[in-house]
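Data block below; observations after.
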Amino acid sequence: MLWPTFAQKVKTGLRTYAEQVVLAKGGYPVDVFETWRSMERMTELYAQGRTVGSQIVTNSKPGYSWHFYGCAVDIVFKNPKTKQWTWDGPWDSLAPHLLAQGLEWLGSKKSGFIDRPHFQLTGGMKVGDAFKLQQQFGLMAVWMEIQKRLDEKKAGAYS
């Protein structure tokens with residue numbers, strides 16, 4: 001389940017990337033790999049590299065990922081030569097199209113834990129605050145709070 005506002009922004013960003021980069025310049029096609037995550041899925045991912053062999057894939061404990069709130073997406077590229085889906089691709093070509101929609105990208109060095117496939121929309125809200133709000137009032141309250149913050153940001157841009 002994705003927040004409809006977020007889903008539309010992702011769709012628009014991916015469409016502009018496809019039109020301006022893939023079709024116009026022969027870039028790598030992309031697709032959505034993962035969006036909403038259940039507590040069970042987040043528990044499974046958090047265990048990777050900690051209790052289950054492999055490398056650590058997330059620092060987000062269950063309930064503390066924007067995927068749980070339907071406000072995050074992971075993107076994959078399709079290598080035009082091998083036709084295989086891959087995490088390796090021209091992120092610097094894709095990211096501007098999603099950033100133009102107001103999304104945050106965890107692929108930049110300033111994000112701390114670099115997770116290039118991950119894009120989210122939070123309005124500056126902390127995930128811990130989203131967790132508390134969701135526990136108290138439900139998922140819709142999280143979406144409404146993020147929208148309020150986005151609206152305030154937009155209004156401030158014209159002040």
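The values are calculated or read from the model by the stated rules, or taken from the named source; none is laboratory data. Note that the structure is predicted; figures quoted are calculated from it, not measured. A quick note on method: Cβ atoms are made from the backbone with ideal geometry, for glycine too, and the neighbour counts reach across all protein chains shown.
Report yes if some residue within region 103-112 is more than 19 Å from GLU34 (Cβ to Cβ), at pLDDT 95 or above and in contact with a Gly (Cβ under 9 Å, 6 or more places away or on another chain); otherwise report no. No, that holds for no residue.
Can you pull out the residues in region 117-134 that are aliphatic (A, V, I, L, M) and either over 10 Å from the mean Cα position of the chain (by Cα) or part of a helix (DSSP H, G or I) (or both)?
MET125, VAL127, ALA130, LEU133
Of everything in region 52-66 that is within 15 Å of GLU34 (Cα to Cα) and at pLDDT 90 or above, the residue that is surrounded by the most Cβ atoms within 10 Å (Cβ to Cβ) is TRP66.
For region 1-116, which fully contained helices (runs of 4 or more DSSP H) count at least 2 residues that are over 26 Å from GLN135 (Cβ atoms)?
4-17, 91-99
Looking only at residues of region 1-28 that are in contact (Cβ under 8 Å) with a residue 60 or more places away in the chain and among the β-branched types (Val, Ile, Thr), we find that the one that is nearest to PRO80 (Cα to Cα) is VAL21. Across region 117-148, which residue is nearest to TYR28 (Cα to Cα) among those that are exposed (fewer than 14 other Cβ atoms within 10 Å of the Cβ) and in contact (Cβ under 8 Å) with a residue 24 or more places away in the chain? In this case the residue turns out to be GLY124.
Looking across region 10-23, the residues that are more than 11 Å from VAL73 (Cα to Cα) and either touching a strand residue (DSSP E or B) at 6+ places or on another chain (Cβ under 9 Å) or β-branched (Val, Ile, Thr) (or both) come down to THR12, GLY13, LEU14, THR16, TYR17, ALA18, VAL21, VAL22.
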